[in-house]
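> Structure provided below as structure tokens; questions to follow.
The values are calculated or read from the model by the stated rules, or taken from the named source; none is laboratory data. Because the structure is predicted, anything quoted here is derived from the model rather than measured. When we count neighbours, we look across all protein chains shown, and the Cβ atoms used for this are built from the backbone with ideal geometry, even at glycine.
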Amino acid sequence: MGNTVYDAGGNNDGKLDPGETADMTATFFNVGGANLTNMSTVLACSSPFVTINDNSGYFGTLGIDSTKENTSDPYNVTIDGDAPHGAYADFTIYVTGNGGFADTFEFTCIIGDPVPSDTGYYYVYYSGGVHAQAPVFNWIAIDSTQTTYPGTSLDLGDNETVLLSLPFTFKYYGVNYTQISVCSNGWIAMGNKTEVDWTNSAIPNADGPSAMIAGLWDDLDPGNTGAPSDIYYYYDAATHRFIIEYFRVEHFASGNEETFEIILCDENNYPTPTGDGEIYVQYLVEQQQLDNTLGIENTAENIGIQYFFNDTYHPNAAPITDQFALRYTTIPPEQTGVKEYRAPLMTTMLTVFPSVTRGHTKISYSMPAGAQRACITIYDIAGRQVRSFDAHLDEGVIMWDGTDLSGHSVPSGVYMIHLGVGEQASVAKVVIIE
């Protein structure tokens, strides 16, 4: 079974966008040994962001080995104007026909424009995007051509890596770091690294340094004789940001110059749901050579976001242009599809540790004055309830063993933990890995 969105009355992009009313059709293929006559269908949806205006679709006769789409009697749906981009909408189609035939089919549509993500831990937003988290390009020049921000030159040559101490602790994929390694080949990595890998590869991948941030990973040379190029670093204490600028660094083999910067933000001033630091990567000019890797990956090198690799962008990415910014953060695009998450959020009410786990996590909670009990509910990324617990004022800790209501281990993925107290709510996130 397939499905198609016809949104000529909207922006005509073939997707369900917030605030849009669209027709939808289903396409069925009969692989049975008889014609299905008087075929009728009813469409249902579990998403609170979807209103079904017309849920019936009549197909008539679906012949043996034939395909049919209900274009003459489509379904019609309206998407809530407040629906977050990237929310999942789960649909079910109930099919009946003569001879007592009955069957059920399920499919999922994504509302609007999602953003690249790993397992739902880090996300990357881009300048000009539709999400509230989209960054605004704001170049911070720290190179020797200006005096506003007096950056320090690393004086790196070809294929060199240097270790720097950070002015604040930076949490990255759940691990705290106080040092970073800066390589001439367009990447930085958390902790002390000695490699100088200049041959880019895909992400995630055991190749290259672990805990890497690839601003523009390839064979770069900041030490080209006579060229006004270098790599600089600077801590902007006023804004609590640590900046590494690659200024007019020569790119082998074209010889073109790349200028971009990687910015690490102090989580104490730029809070996220997981406590992990935010990363901004800004490109003063678009990529001058396209055999590069752009993205991030964790210490184990098995989770990451590949924004760009060798002339190919992530399907949900926007192309790099002049004056373009990326923002890597663990702040999600509210893509759980659980409408209750839009209740007023309480702060410092709910934490989980570890936030990346193979099955067990400690849920710590507190309650506002006057509250005696509440409910902790765990949802998967599609907004389906996985598990729930009663929370009591005098306890404060619940251990979740990674199982669902039936006692079965949940699959790998991201899960949202929701503490509801009256009209207030607090949300935390945990990632289950194999």
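> Could you tell me which residue of region 225-240 is nearest to the chain's Cα centre (by Cα), considering only residues that are more than 15 Å from residue 148 (Cα to Cα) and crowded, with 20+ Cβ neighbours inside 10 Å?
231
> Yes or no: residue 150 farther than 30 Å from residue 199 by Cα, in the same structural domain as residue 252 (by TED's automatic domain parsing) and not basic (Lys, Arg)?
On the way: farther than 30 Å from residue 199 by Cα: yes; in the same structural domain as residue 252 (by TED's automatic domain parsing): yes; not basic (Lys, Arg): yes.
Yes; evaluated as a whole, the condition is true for this residue.
> Follow-up question, since we're still on this one. Quick check on region 291-299. Is at least one of its residues over 12 Å from residue 329 (Cα atoms), crowded, with 21+ Cβ neighbours inside 10 Å, among the charged types (D, E, K, R) and in the same structural domain as residue 245 (by TED's automatic domain parsing)?
Checked against the condition, which is being over 12 Å from residue 329 (Cα atoms), crowded, with 21+ Cβ neighbours inside 10 Å, among the charged types (D, E, K, R) and in the same structural domain as residue 245 (by TED's automatic domain parsing), region 291-299 yields at least one hit.
> Checking residue 347 against (1) at pLDDT below 80; (2) surrounded by 14 or more Cβ atoms within 10 Å (Cβ to Cβ), only one condition comes out false. Which one?
(2)
> Do we have residue 46 as within 15 Å of residue 60 (Cβ to Cβ) and surrounded by 14 or more Cβ atoms within 10 Å (Cβ to Cβ) here? Walk me through it before giving the result.
Values: within 15 Å of residue 60 (Cβ to Cβ): no; surrounded by 14 or more Cβ atoms within 10 Å (Cβ to Cβ): yes.
Against the criterion (within 15 Å of residue 60 (Cβ to Cβ) and surrounded by 14 or more Cβ atoms within 10 Å (Cβ to Cβ)), residue 46 does not qualify.
> Would you confirm whether or not region 160-182 contains a residue that is free of Cβ contacts under 8 Å to residues at least 40 places away in the same chain and surrounded by 22 or more Cβ atoms within 10 Å (Cβ to Cβ)?
No, region 160-182 contains no residue that is free of Cβ contacts under 8 Å to residues at least 40 places away in the same chain and surrounded by 22 or more Cβ atoms within 10 Å (Cβ to Cβ).
> Related question: Does region 64-80 contain at least one residue that is outside any loop (DSSP other than H, G, I, E, B) and either exposed (fewer than 15 other Cβ atoms within 10 Å of the Cβ) or acidic (Asp, Glu) (or both)? Steps first, answer last, please.
Taking region 64-80 and keeping what is outside any loop (DSSP other than H, G, I, E, B), we get 67-69, 75-79.
Imposing the further condition that a residue be either exposed (fewer than 15 other Cβ atoms within 10 Å of the Cβ) or acidic (Asp, Glu) (or both) reduces the set to 67, 69.
So far as region 64-80 goes, yes, one or more of its residues are outside any loop (DSSP other than H, G, I, E, B) and either exposed (fewer than 15 other Cβ atoms within 10 Å of the Cβ) or acidic (Asp, Glu) (or both).
> Right, another one. Working only within region 100-118, note down all residues that are in the same structural domain as residue 10 (by TED's automatic domain parsing) and farther than 28 Å from residue 4 by Cβ.
Within region 100-118, 100 is the sole residue that qualifies.
> Okay, next question. Going through region 81-99 one residue at a time, which ones are under 22 Å from residue 8 (Cβ atoms) and in a strand (DSSP E or B)?
First pass over region 81-99, keeping only residues under 22 Å from residue 8 (Cβ atoms): 81, 83, 85, 89, 91.
Passing the criteria: 89, 91.
> When both residues are 6+ apart or on different chains and their Cβ atoms are under 8 Å apart, which pairs have a first residue that lies in region 184-208 and is under 19 Å from residue 307 (Cβ atoms), and a second that is of a type in the set (A, V, I, L, M, F, W, C) and in a loop (DSSP other than H, G, I, E, B)?
Short answer, once both residue conditions are applied: 185/196; 185/198; 189/211; 190/211; 204/303.
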